[in-house]
């Protein structure tokens, strides 16, 4: 539940946000996408990204929708705002397999994020990855608190077909 003085910032696919505002709450909804929440608790600064795919090769790789570029932007901009890399702590979310008949992009996203963080020497304090359900994440960047909500419902549910009766052919109107 949001407090009256808190400001909610939605981080959508292909975005990241950094804040040192104690009233800021970063929020996102994840399916197969992944989000990394980083905090430097000494600097009281944190950030979240939301990426769709691990990486893309070639000159077009600099696109924030891809984890490799998104992670670089998140970390480098936090360092510019006063964070220190040796104090960063990560929390990792997402990577669900939303549709059973498609490639498991979620596992690729979270495997990439784990490897990237390990290579950068950033510890992962906690994670909630995989499964088949979407997640809503709320992250308080200045102290690293996170709340996760599992989005209810069947992920592969298809909307039922509704038969709509044809309109009257001779101008009849029924009033209720």
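Quick notes on this one:
- All distinct Cα pairs of region 7-150 go into the 1/r average, and the inverse of that average, the Kirkwood radius, is 14.7 Å.
- You can think of it this way: the chain between residue 84 and residue 107 has 5.4 nm of extra reach, that is 0.36 nm per residue less the Cα-Cα gap.
- The packing ranking, built from the mean of other Cβ atoms within 10 Å per residue, places the peptides 79-91, 23-35 in the order 23-35, 79-91, highest first.
- Length gained on full extension, residue 8 to residue 136, computed as 0.36 nm times the residue gap minus the Cα-Cα distance: 44.8 nm.
- Percent antiparallel among DSSP beta bridges (both partners in region 7-150, rounded to 5): 75
- Taking the number of Cβ atoms within 10 Å of each Cβ as an exposure proxy, the fewest-first ranking of 101, 50 is 101, 50.
Read-outs: derived from the displayed coordinates by stated rules, not from any lab. This is a predicted model, so every value here is computed, not measured. Positions of Cβ are generated from backbone atoms using ideal geometry, with glycine treated the same way; all protein chains shown enter the neighbour counts.
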